[in-house]
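The values are calculated or read from the model by the stated rules, or taken from the named source; none is laboratory data. Worth saying up front: this structure is predicted, and the values here are computed from it rather than measured. So basically every Cβ, Gly included, is an ideal-geometry build from the backbone, and we count neighbours across all protein chains shown. For the accessible areas, the whole protein counts, side chains as well, though only heavy atoms, and no ligand, DNA or RNA atoms are used. Shrake-Rupley method; radii C 1.70, N 1.55, O 1.52, S 1.80 Å.
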Amino acid sequence: QWQRHRERMKERFPEGWHPTRKLSREAMEALRSLHALDKGTFTTPVLANKFKISPEAVRRILRSKWEPSKEK
């Protein structure tokens, strides 16, 4: 299943992932907290529309666990 997804992403983004609009760390945290608050209401398409980014970008933000170190 992950191989099919990977092939589909290569078809959709042949030069790699380059979002047209980037969110700040605070906006990403807000997006994650809204989704965690109510996953039924704040679905990927709803969050994409609210933050004016693509559903693929929302999906990637929600999957990401990376956080900057406390020093930064």
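Below are the figures for this structure:
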quantity	calculated
Test: residue in region 38-45 that is open to solvent by 90 Å² or more (accessible area, probe 1.4 Å) and farther than 20 Å from Arg21 by Cα	yes
Inter-residue pairs, beta-carbon under 6 Å, first assigned to a loop (DSSP other than H, G, I, E, B) and in region 43-72, second of a type in the set (D, E, K, R), 6+ apart	Ile53/Arg21
Any chance Arg32 is in contact with a Ser or Thr (Cβ under 7 Å, 6 or more places away or on another chain), in a helix (DSSP H, G or I) and closer than 22 Å to Met9 by Cβ	no
Which numbered condition Leu23 misses (of (1) in a loop (DSSP other than H, G, I, E, B); (2) exposed (fewer than 13 other Cβ atoms within 10 Å of the Cβ))	(2)
Filter result (surrounded by 11 or more Cβ atoms within 10 Å (Cβ to Cβ) and within 23 Å of His5 (Cα to Cα)) within region 50-72	Ile53, Ser54, Pro55, Glu56, Ala57, Val58, Arg59, Arg60, Ile61, Leu62
Tabulated pairs, region 8-23, first of a type in the set (D, E, K, R), second modelled with pLDDT of 85 or more, C-beta under 7 angstrom, 6+ apart or interchain	Arg21/Lys52; Arg21/Ile53
Index of the failed condition, Ala27 passing every other in (1) within 12 Å of the chain's Cα centre (by Cα); (2) at pLDDT below 90	(2)
Restricting region 2-20 to residues that are surrounded by 10 or more Cβ atoms within 10 Å (Cβ to Cβ) and among the aromatic types (Phe, Trp, Tyr), the residue that is farthest from Ser64 (Cα to Cα)	Phe13
